[in-house]
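All of the numbers you see were taken from the coordinates with simple rules; none came from a lab. This one's a predicted model, so the numbers in the text were calculated from it and none came from an experiment. Cβ: placed from backbone, ideal geometry, glycine included. Neighbour counts: every protein chain shown.
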Amino acid sequence: MATALSWPAFGDQTNTASAPAVVVPLGKSKLQPFDYRGVKLLPGLFQRQMAQTRETYFNLSNDDILKGFRREAGLPAPGNDLKGWARGRADATFGQWLSGMARLSCALNDAALREKAIALAEGWKATVRPNGNCRMGTYAWEKMACGLVDMALYADYDRELGLLEKITNWALNHFDRSRSRANLADRDGRRPHGTLEWYTLSENTYRAYLLTGKEIFKTVGDLWLYPSYWNLFETSASPAGAEFLHSYSHINTFSGVAMAYAVTGDHRYLKILENAYDFAVKTQAYATGGYGPGEWSVPADGSLGRALEIRSDTAEIPCGSWAGFKISRYLQTFTGGARFADWMETLLYNGIGASLPVQPDGRAYYYADYRLGMGTKLYHWDEWPCCSGTYIQAVADYHNVVYLRDTSGLYVNLFVPSEASWNHAGQPVTVRQETKFPEENEVRFALQMNQPLKMAISFRSPDWTTEFKFKLNEAEEISPVKSADGWMTVERVWNPGDRLQLGLKPQLHLCPVDPQHPRRCAVKYGPVLLAQEARFTYMLGMSGDNLAYKLTRETDDLQFRVNGPGAGGQGPGMFRPFYQVPERLPYRVYFDLDDPRFL
Ligand SMILES: [Zn+2]
């Protein structure tokens, strides 16, 4: 590896053998992700969800998953058919399942999961025709490309990407090259010949190029660039012409911009990516980080807030979280900016982290419902939808969003119970983060190393806290230094066993849905969206009251009582974190504060 700061991040991994990437990216990186090596989640909300996800996907039958592919290839096809989107064959999500399993197996050093992923890849490989025909359109093929790149990177399978090369050769000669700009009547670019979401193909083909140096992957990446949409963002974070398109895929396409930057080093791409982030966060996203009512991108004219009146499919959560994680991380990696973790954190608590778990029979959480009045968490009407593919990817990605690093030391993005181990200046270091945040305000970091070590630890200081105070070894108060990239840095010679305590002070606050609806708000405590219990309860009104006087915290697990009588004989419902709300229980997350109608 020519530089320790280039993408992708290989290096001092101990749990999975990996060779360096062949191509040194021209787009330089300031920070390195841990890339699924050296980060462990400790017990807590996210570790539980991750472990459950591993169990669900690990226990799926390989024969069932492969049945449709084998049948179409004329091979013996034991097992049972999957349902829903995977009826016939599981091509809509198969590549993402491989990707998620590969990433999780690497993060957990989980040989059994890795072997399962390899058995699935080998089983699928046997169904591909000698000419590389894998019977997939652009939509499924793109996911397969991701799966095979991840299998190489994280499961050490087919490191030269020979199988991907084979299906790429076929795809080059097979896919229609119209590359139509998506529009109101064709929102995912499928016309005229079924090239669904073709504008998402560059990301993973460029990743394959960086990994192997094979020109064919660069050729394909170049072929599927989307300048007619991307260029809108060159000078604006809220451009005309970006509205009424398929929402998730028109965010996910910016991961192609990120990889185009990595491959070319062209700073124009970086500008587009930064504007895309602001576009997503400031004009498209709800208070959960989720976006795309009815899967539409919206103009910044109040459509976001108005959609709360009529749409129950308010935001596509697992897919949307996956795309948000990727764009945020790419930006942090390239620019070093702390602020790009804001969206990650929001999605972690209120998007993917507040999702219903995927079930073994294929029931999967797809749409969150933020309608005024009431919503419920429901499973999607079809089994094994797109969101069952991105669910395991996004949950696996928890290992990859909490920390970053560079030669100066560690960067702490998020306050999640976890541990990061890596080599700093040739010395092994482990930083353990223990916390019950957001239920408690203290985060404790413990350092393990063999000898005293000069190192920086940099922390993201979120805007939801009014305090950000450090104590060293329960005594000495120390002041961090704020960096140009927005990090609060503590640099010193650390001793083995040193402990650093961070005190946070999250605030209750209102989040207006958009500038056109300043009093149509959600309620948050720090980064956590609060939902009101909606079984025969009265809505939250404010009549000029300060939120801190309106809500009183009652329990350790963040339940808040509304101080007020309600109306119409109905009391106001308790508020609690949206991530605690179970399936089917009615809740409210948006309120017209000046007009709390009950009928
Ligand atoms: Zn989806």
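General observations
- Extension gain, Leu223 back to Asp463 (0.36 nm per residue minus Cα-Cα distance, nm): 82.3 nm
- Gyration tensor verdict on segment 273-331 (Cα atoms; rounded if a/c is under 1.5, prolate if a/b is larger than b/c, oblate otherwise): oblate
- Taken along the Cα-to-beta-carbon direction at a fixed 7 Å, the label points for Arg268 and Thr407 span 3.2 nm.
- Exposure proxy shown here: for Glu243, Glu316, the number of other Cβ atoms within 10 Å sets the order, fewest to most, as Glu243, Glu316.
- When Rg and the Kirkwood Rh are both derived from Cα coordinates, the Rg/Rh ratio for segment 406-506 amounts to 0.93.
- Radius ratio Rg over Rh of segment 97-215, counting only Cα atoms, Kirkwood formula for Rh: 1.01
- Cβ-Cβ distance of Phe244 and Asp278, R₀ of 25 Å, FRET efficiency by 1/(1 + (r/R0)^6): the value works out to about 0.80.
- Estimated inter-spin distance, Ala425 and Lys125, nm [label 7 Å along Cα→Cβ]: 4.5
- Electrostatic dipole magnitude of segment 11-141 [Cβ: Lys, Arg +1; Asp, Glu -1; Cα centre; debye, to 20]: 260
- Order by protection proxy (mean Cβ within 10 Å, highest first), peptides 220-231, 126-137: 220-231, 126-137
- Value of Rg to Rh for the chain, rounded to two decimals, is 0.96; Kirkwood radius and Rg both from alpha-carbon coordinates.
- Here segment 38-78 is described by how far its Cα atoms reach on the three principal axes: 46, 19, 10 Å, from widest to narrowest.
- Amide H within-cut-off set for Phe244, under 5 Å, with H built and near neighbours excluded: Ser297, Val298
- In a simple Cβ point-charge model (Lys, Arg +1; Asp, Glu -1; nothing else charged), the chain has a dipole of about 380 debye relative to its Cα centre.
- Overall form of segment 508-592 per C-alpha gyration tensor (a/c, 1.5; a/b vs b/c): rounded
- For segment 508-592, relative contact order (Cα pairs under 8 Å, six or more residues apart, normalised by length) works out to 36 percent.
- Peptide packing: for 393-404, 36-47, the average count of neighbouring Cβ atoms within 10 Å per residue gives the ranking 393-404, 36-47, highest mean first.
- Over all projection directions, the Cα-based convex hull of segment 20-120 averages an area of 9.4 nm².
- Between Met574 and Glu533, the built amide H atoms are under 5 Å apart, and every one of these is 5 or more places off in sequence or on another chain.
- Neighbour-count order for Asp594, Asp176, Asp150, Asp91, fewest beta carbons within 10 angstrom listed first: Asp594, Asp176, Asp91, Asp150
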